[in-house]
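Working notes, beginning with the structure itself.
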Amino acid sequence: MSTEIWQWVLVVGSSLILFLLSPLAKTSDSFFKANHNKKSPNVLVLTGSLIISWIFAKSITNAANLGLDFGLVGGIAYAGYYLSFAVAGVLIYKLRTKGGFNSIHEFLTSKYGRRAVALFSILIIIRLFNEVWSNTMVIGSYFGVQGSTPYFTAIIVFTLLTLAYAIKGGLSSSIFTDVIQMVLFSILLIIILYSIFSVENFSASQVISSGTWSFELGLNLFFAAILQSFSYPFHDPVLTDRAFISTPKVTLKSFLWASVLGGLCIILFSIIGIYAQTQGFKGQAAVEVGKAFGVVILLVINFIMITSAASTLDSTFSSFSKLLAVDLGFGKNISFGRLAMVAIAILGTIPIFFNAEILSATTISGTMVIGLTPIFLFWNVNVPRLSFYLSVVCGLVFGFLLVFNAFPESLIFTTGKYAQLLWVNIWGILSCIVLYFLPKAFLK
């Protein structure tokens, strides 16, 4: 069979198997909270679910491409986003144990009111909307050139197949399939790395020495990722939903392990790009390396993309469903939750027809929400409700400055790619913190 036929076999076959294996959710607790017989996920299951649901298809594509562009520095820079797990784990642990809150929305409603929750929910919806198209675009790129009929067909079929098993079990399906997908991801990554290191004249020493530790060649992105990690996780319900389904101690352990192991996975995957760099490859690093090693490795890389994209996509559907049905209270029943999944699947597919850029889904949305930094970092500090709006709106302003390339060059003190991203975040976060505490100083 041709490569194209094998690719379709992988997409359709894996999706059908996951559909058959996924549990059927019959209760709201099972569908929205992955709670079976009053049993919640343990450390191993929750850690695996966290890692694979965050190792998006776009993430490992970006990791490989950054390895190609910047060497090991690029992989480590992108892995910086995985500090988000540790930050979220610690702060949500405190919210649950010291604050007594059972969800992010409960915390925000209690402290800032329902209007603040509405604004926060808009940020979440934008995030989930981005997750759909930015991951399915990666799958499409393995079937055809962007904009071609095979490209669009693959995206639509993959989205519908993933939607099918997500509808069947909700968050229960997502957690259950995450375990399977994490095991597959690990095996496939080992196969890829074994193949690369089997090549003569390519060794670990080349990986370690690749790249230059300078702002121009990767550190701009690294420090931007670290800064965004103090706000980025809180607008991602794929992550935060999993922070409230197990006991606080289990959750904290899982998040800390996920921070370390998830970052390591990203660095290891960037080695594909580093190898591509040594061979002088251009374009999409993972695709070019797959082609160079032949059909088998290309299909392995294809399958790892399918696995990671499916895990993120089903989690996105589940989180959007829970957001509307439970957190915002529009209809706390399974039927409504399933309809919500269909809605985000349709709306989230629209951007693929407008040539959106996958890295922008991370970097720009991450900047848009930097206003959440003081809100969660200083969660136990008493401030007026106005503080929430000032900080969030300030973050949005800086996000738009980045989108429209309107940030003053005089405030950028490093050079190279991602310099603007870094300094927009530095000045933006400082401004958000000042505005957050400003009402406390003047309003009694």
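The values are calculated or read from the model by the stated rules, or taken from the named source; none is laboratory data. For clarity, every value in this text was computed on a predicted model and none was experimentally measured. In this analysis, Cβ positions are derived from the backbone assuming ideal geometry, glycine residues included, and neighbour counts consider all displayed protein chains.
For residues that are assigned to a helix (DSSP H, G or I) and either surrounded by fewer than 19 Cβ atoms within 10 Å (Cβ to Cβ) or more than 22 Å from the chain's Cα centre (by Cα) (or both), tally how many sit in the stretch 96-116.
12
Matching residues to (1) of a type in the set (D, E, K, R); (2) more than 29 Å from Gly366 (Cα to Cα):
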position: Lys168; (1), (2): yes, yes
position: Phe185; (1), (2): no, no
position: Ser203; (1), (2): no, yes
position: Ile208; (1), (2): no, no
position: Thr212; (1), (2): no, no
position: Phe222; (1), (2): no, no
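Of the residues Val392, Val381, which is modelled with pLDDT of 90 or more, farther than 23 Å from Thr312 by Cβ, crowded, with 17+ Cβ neighbours inside 10 Å and of a type in the set (A, V, I, L, M)?
Going through Val392, Val381 in turn, the sole match is Val392.
For (1) in contact (Cβ under 8 Å) with a residue 60 or more places away in the chain; (2) under 24 Å from His235 (Cβ atoms); (3) assigned to a helix (DSSP H, G or I), each residue gets a yes or a no:
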site: Ile122; (1), (2), (3): no, yes, yes
site: Glu131; (1), (2), (3): yes, yes, yes
site: Val138; (1), (2), (3): yes, yes, yes
site: Gly144; (1), (2), (3): no, no, no
site: Val157; (1), (2), (3): yes, no, yes
site: Leu161; (1), (2), (3): yes, no, yes
site: Ile175; (1), (2), (3): yes, yes, yes
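Please indicate, with yes or no, whether at least one residue in the stretch 139-156 is crowded, with 24+ Cβ neighbours inside 10 Å, within 18 Å of the chain's Cα centre (by Cα) and modelled with pLDDT under 95.
Checked against the condition, which is being crowded, with 24+ Cβ neighbours inside 10 Å, within 18 Å of the chain's Cα centre (by Cα) and modelled with pLDDT under 95, the stretch 139-156 yields at least one hit.
In the stretch 374-416, what residues are within 28 Å of Gly89 (Cα to Cα) and hydroxyl-bearing (Ser, Thr, Tyr)?
Those that are within 28 Å of Gly89 (Cα to Cα) and hydroxyl-bearing (Ser, Thr, Tyr): Ser387, Tyr389, Ser391.
Name every residue in the stretch 18-53 that is surrounded by fewer than 16 Cβ atoms within 10 Å (Cβ to Cβ), at pLDDT below 90 and closer than 19 Å to Ile180 by Cβ, in order of residue number.
Passing the criteria: Leu21, Leu24, Lys39.
With Ile192, Ile180 as the choices, which residue is buried (at least 18 other Cβ atoms within 10 Å of the Cβ) and at pLDDT below 90?
One residue alone meets the criteria, Ile180.
Only one of Ser49, Ser84 is out of contact with any Pro (no Cβ under 6 Å at 6 or more places or on another chain) and touching a residue at least 40 places away in the same chain (Cβ under 8 Å); which?
Ser49
Taking only the stretch 401-413 into account, find how many residues are surrounded by fewer than 16 Cβ atoms within 10 Å (Cβ to Cβ) and touching a residue at least 12 places away in the same chain (Cβ under 8 Å).
Within the stretch 401-413, residues that are surrounded by fewer than 16 Cβ atoms within 10 Å (Cβ to Cβ) and touching a residue at least 12 places away in the same chain (Cβ under 8 Å) number 3.
Looking only at residues that are of a type in the set (Val, Ile, Thr) and surrounded by fewer than 19 Cβ atoms within 10 Å (Cβ to Cβ) in the stretch 427-439, which one is nearest to Leu221 (Cα to Cα)?
Filtering first and then ranking leaves Ile433.
Need at least 2 residues that are free of Cβ contacts under 8 Å to residues at least 40 places away in the same chain and surrounded by fewer than 18 Cβ atoms within 10 Å (Cβ to Cβ) per element, so show me which helices (runs of 4 or more DSSP H) inside the stretch 276-352 make the cut, counting only ones lying wholly within it.
Passing ranges, in order: 285-293, 334-349.
How many residues does the stretch 118-164 hold that are more than 18 Å from Ile350 (Cβ to Cβ), in contact with a Pro (Cβ under 9 Å, 6 or more places away or on another chain) and aromatic (Phe, Trp, Tyr)?
Going through the stretch 118-164 one residue at a time, the tally reaches 1.
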